[in-house]
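**Student:** This is the structure I want to talk about, given as structure tokens.
Each reported figure results from applying straightforward, stated rules to the coordinates on display, with no laboratory input. A quick note: this is a predicted structure, and the numbers were derived from the prediction, not measured. Don't worry about glycine lacking a Cβ; one is built from the backbone with ideal geometry, like all the others, and counts go over all protein chains shown.
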Amino acid sequence: MKQDSTQVLIVGGGITGLTAALFLAQQGVNFILIEKHKGTSIHPRARTIDIRTMELFRGLGLSEELREGGKALAPAWGILRGINLVETLNTTKSDIIGNANFPKQFAAMKALGEKSPESVCRCTQDISEAIIYQKAKHHDLRFNHQLLTFQQDENSVAAVVKNRETEEIYTIQANYMIAADGANSMIRKQLEIPLAGHGAWMDLLNIYFEADLSTLVRGREFSQFLIETSEITGFLLAINNADRWTFHLRYDPEKGEVPVDEILRKVIGIPDLKMSILSILPWQLTVRISTQLRVNKIFIAGDAAHTMTPYAGKGANAGIQDVQNLAWKLAAVLKHQAGDALLDTYHTERQPVGAFYANLSGEMADKNGLIDESKMMQYGEKLLGLPDYAYDSTAVVRPSQLFRGEPGTCIPHMWLEDGSSSLDWVKGQFVLIANGHFEYWRAASKLSHIQVKLVELPANEPWMTLTQATPTDAILIRPDDFVAARLNALHPCEQLAKTIKKICSLRNI
Ligand SMILES: Cc1cc2nc3c(=O)[nH]c(=O)nc-3n(C[C@H](O)[C@H](O)[C@H](O)COP(=O)(O)OP(=O)(O)OC[C@H]3O[C@@H](n4cnc5c(N)ncnc54)[C@H](O)[C@@H]3O)c2cc1C
């Protein structure tokens, strides 16, 4: 049997697996990605890329392309409710329909915008996956290849893979494997990882269809239209505000065939509406949380780690943020710059974040399984914004008091004179930001066992106010933009070398 080998095997070419490929490539790690389907997903699914994820895409050079790709959807904001779309748009007061008329949301977005060089982006997943794929395609991406089974020992993982085109069965030997194989993850099942969370509680059909509603909707764009009648319960989602829509219909799989065309005409309120069904995908409202994200050489990420309802808009975002956290750690260990215990911090840091969003997404569903608008108003701003959590693991050296720029939190954004952001310093490497005593920090950064980029920021008032730094302080940032530690100029060489070794779980400190 043919045997290939690589440092990291990524299983799954959805949005989590594809971004894992880009983050590993950024770190210079060798990998193979396998995906059982022939191409990226044609289903629009996720539509909102939050600010933090946009910051990550900025680091990969993709944020502008994603914004451009999603521009047709961009004006779609707000939730409507009624018995059909035509009647609802005609009878709802014009001052609450249309993108210009959501002042509260837009004021909140503007305020959020000041904390980041990026803003929220609307872009459907069929488009975002295709954009990410284009950037990753020069690497070893094997679509139409399926993982059949695997085993691991203390040194590596051996995966049995089927090339679905040729029917050839072969093995891939890898130092590590990332399970980005989605909600029904066979890897998670084979590892028998215990699950937490509510489980599945409702069946829906995701009906993706084409119908020209541009005249009806122009100037009155909306994000979701909720419908609950004696016959139909579901929600219509805007995809391009013109001729692409999805309707998510609550249904009972036991009851057999669903008259999809008839239902869609009733939802829209146009009995002779011309339309064509593009695809139908059954899915379940589910909250399922993997209680373990690492099993020896295997790491669980994305929906495989935390399946959630779409109502918090975090599924894809959380998956992308998982693999960004993991990639630099795998790279540091593979380059023998960090100890194995650094990889344990992937679980310590990301499992609670995924669990939090998954549980919140469940809370945001009402008794009929639709989004609870009051919860959306309550949490909306928080969900679109920057992370308001801080990591607490051995990959962070934390002091006792809380402030911005505190270890465990994300680096604060500040605009620089050349129009770039403080976030742009990082891009996948360790960065040390010093406010004075540069000659000491220069010497210190050269002595570290891992490459550290030094940023010299002489007496920068806004930065020092933002982070409460002093001229003798330096802030060490990890390759995933999170603050690793605060250092002072007393014994800088010894301090920096020791701190980085501690973060990298190297024992000889
Ligand atoms: C209606 C709806 C709206 C949503 N809206 C949002 C939103 O606004 N924001 C947001 O962040 N999220 C949203 N989500 C959630 C988002 O779509 C998912 O969280 C995201 O797709 C998860 O990506 P993933 O790559 O982890 O998993 P998946 O997309 O499921 O990808 C897993 C991949 O693994 C492959 N695979 C599985 N088994 C194997 C195997 N044995 N061998 C090889 N390949 C395999 C599969 O074919 C698949 O391509 C929404 C979801 C839905 C249904």
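**Student:** Select from T171, Y440, V11 the residue farthest towards the positive end of the dipole of the chain; place +1 on Cβ of Lys and Arg, -1 on Cβ of Asp and Glu, and compute about the Cα centre.
**Tutor:** Checked the options; the winner is Y440.
**Student:** Against the longest alpha carbon principal axis of the chain, how many degrees, from 0 to 90 and to the nearest 10, is the axis of helix 103-113 turned?
**Tutor:** Computed tilt is about 20 degrees.
**Student:** Which residue, chosen from G61, I42, A72, occupies the Cα position most advanced towards the positive end of the dipole of the stretch 33-79, where the dipole is computed from +1 (Lys, Arg) and -1 (Asp, Glu) charges on Cβ about the Cα centre?
**Tutor:** The one lying farthest along the dipole's positive direction is I42.
**Student:** Further question on the same structure: Let me spell out the model: positive unit charges on the Cβ of Lys and Arg, negative unit charges on the Cβ of Asp and Glu, origin at the Cα centre of the stretch 391-509. What dipole size does that give, in debye rounded to 20? Don't skip to the answer; put the middle values down first.
**Tutor:** Numbers: 12 positive and 12 negative charges, 125 e Å.
Using Cβ point charges on Lys, Arg, Asp and Glu, the stretch 391-509 gives about 600 debye.
**Student:** Nearest 5 percent is fine: what portion of the DSSP beta bridges confined to the chain is antiparallel? Could the numbers behind the result be given before it?
**Tutor:** Values: 61 of 88 bridges.
Antiparallel bridges: around 70 percent, rounded to the nearest 5.
**Student:** Taking GluC sites (Glu not before Pro) as candidate sites, keep only those in a DSSP loop with at most 13 other Cβ atoms within 10 Å, then name the longest stretch of the chain containing none of them.
**Tutor:** Values: sites that count: E114, E154, E165, E167, E168, E192, E231, E257, E417.
My reading of the result: 258-416 is the longest stretch.
**Student:** Also: I'd like to know which of I127, I298, Q321 lies farthest towards the positive end of the charge dipole of the chain, counting +1 on Cβ of Lys and Arg and -1 on Cβ of Asp and Glu.
**Tutor:** Among I127, I298, Q321, the one farthest towards the positive end of the dipole of the chain is I298.
**Student:** Here's something else I'd like to know. Can you tell me what percent of all Cα-Cα pairs in the stretch 272-347 are more than 21 Å apart? Before the final figure, lay out the partial values.
**Tutor:** Numbers: 1270 of 2850 pairs.
When all Cα pairs of the stretch 272-347 are counted, 45 percent exceed 21 Å.
**Student:** Additional query: Let me have the relative contact order for the chain, percent, based on Cα pairs under 8 Å that are six or more residues apart.
**Tutor:** Details: 1081 pairs, mean separation 82.8, N = 509.
Relative contact order for the chain comes out at 16 percent.
**Student:** I need the phi-derived Karplus couplings for the stretch 380-392: 6.51 cos²θ - 1.76 cosθ + 1.60, θ = phi - 60°, integer Hz, Gly and Pro marked x.
**Tutor:** x, 5, 4, 6, 7, x, 7, x, 10, 10, 10, 6, 9
**Student:** Between the helical axis of 341-363 and the dominant principal axis of the chain, each derived from Cα atoms, what acute angle in degrees is found, rounded to the nearest 10?
**Tutor:** Its long axis makes an angle of about 30 degrees.
**Student:** Turning to a different aspect of this structure: If we count every other residue with Cβ under 10 angstrom of F430's Cβ, Lys/Arg +1 and Asp/Glu -1, where does the sum land? It would help to have the intermediate numbers written out before the result.
**Tutor:** Working: positive: K453, R478; negative: none.
Every neighbour counted, the sum reads +2.
**Student:** Hey, another quick one. About the Cα centre of the chain, how large is the charge dipole given +1 on each Lys and Arg Cβ and -1 on each Asp and Glu Cβ? Please answer in debye to the nearest 20. Don't skip to the answer; put the middle values down first.
**Tutor:** Values: 52 positive and 57 negative charges, 160 e Å.
It works out to roughly 760 debye.
**Student:** Let me ask something additional. Spin-label point model (7 Å from Cα, Cβ direction): what's the S276 to Q292 distance in nm?
**Tutor:** Calculated label separation equals 4.9 nm.
**Student:** Starting from the Cα of T91, step 7 Å along the direction of its Cβ; do the same at Q429; then give the gap between the two resulting points in nm.
**Tutor:** 6.2
**Student:** Taking the alpha-carbon centroid of each part, what is the distance from the stretch 270-292 to the stretch 170-204 in angstrom?
**Tutor:** 21
**Student:** Determine the dipole magnitude for the stretch 269-352: charges of +1 sit on the beta-carbon of Lys and Arg, -1 on that of Asp and Glu, nothing else is charged, the reference point is the Cα centre, and the result goes in debye to the nearest 20.
**Tutor:** Details: 8 positive and 6 negative charges, 23 e Å.
The dipole of the stretch 269-352 has a size of about 100 debye.
**Student:** Divide by every residue of the chain the summed helix terms, -39500 (n - 2.57) for each DSSP H run of at least 4, and state the resulting mean residue ellipticity at 222 nm, rounded to the nearest 500 deg cm²/dmol. Walk me through the numbers on the way to the answer.
**Tutor:** Details: 15 runs with 160 residues, N = 509.
After summing the helix terms and dividing by the residues of the chain, the value is -9500 deg cm²/dmol.
**Student:** Just the C-alpha atoms of the chain: what Rg/Rh do they give, with Rh taken as the Kirkwood radius?
**Tutor:** Numbers: Rg = 24.0 Å, Rh = 24.2 Å.
Computed over Cα atoms, the ratio is 0.99.
**Student:** Which of the pairs K71/K427; K110/K314; K38/K162; K110/K329; K335/K446 have their Cα atoms more than 22 Å apart in this structure?
**Tutor:** On the way: K71/K427 26 Å; K110/K314 20 Å; K38/K162 13 Å; K110/K329 34 Å; K335/K446 18 Å.
Pairs exceeding 22 Å: K71/K427; K110/K329.
**Student:** Take the alpha-carbon positions of the stretch 391-509, form their convex hull, and give its projected area averaged over all directions (one quarter of the hull surface) in nm². Please list the in-between numbers first.
**Tutor:** Numbers: hull surface 27.2 nm².
Projected over every direction and averaged, the Cα hull of the stretch 391-509 covers 6.8 nm².
**Student:** Less than 12 Å from a label point 7 Å out along the Cα-to-Cβ axis of T472: which backbone N atoms in the stretch 433-447 qualify, by residue?
**Tutor:** Flagged as within label range: 437.
**Student:** Using 0.36 nm per residue of separation minus the Cα-Cα distance, give me the extension gain between A390 and M1 in nm, one decimal.
**Tutor:** Values: separation 389, 0.36 × 389 = 140.04 nm, distance 4.69 nm.
So the extension gain works out to 135.4 nm.
**Student:** A follow-up question, please. As I understand it, the value is the acute angle between the Cα axis of helix 315-334 and the longest principal axis of the Cα atoms of the chain; what does it come to in degrees, rounded to 10?
**Tutor:** It is inclined by approximately 30 degrees.
**Student:** Same structure, new question: Please enumerate, by chain and number, the aspartates and glutamates with C-alpha under 13 Å from the C-alpha of K297, excluding those fewer than 8 residues away in the same chain.
**Tutor:** Excluding near neighbours in sequence, the set is D153, E154, D340, D344.
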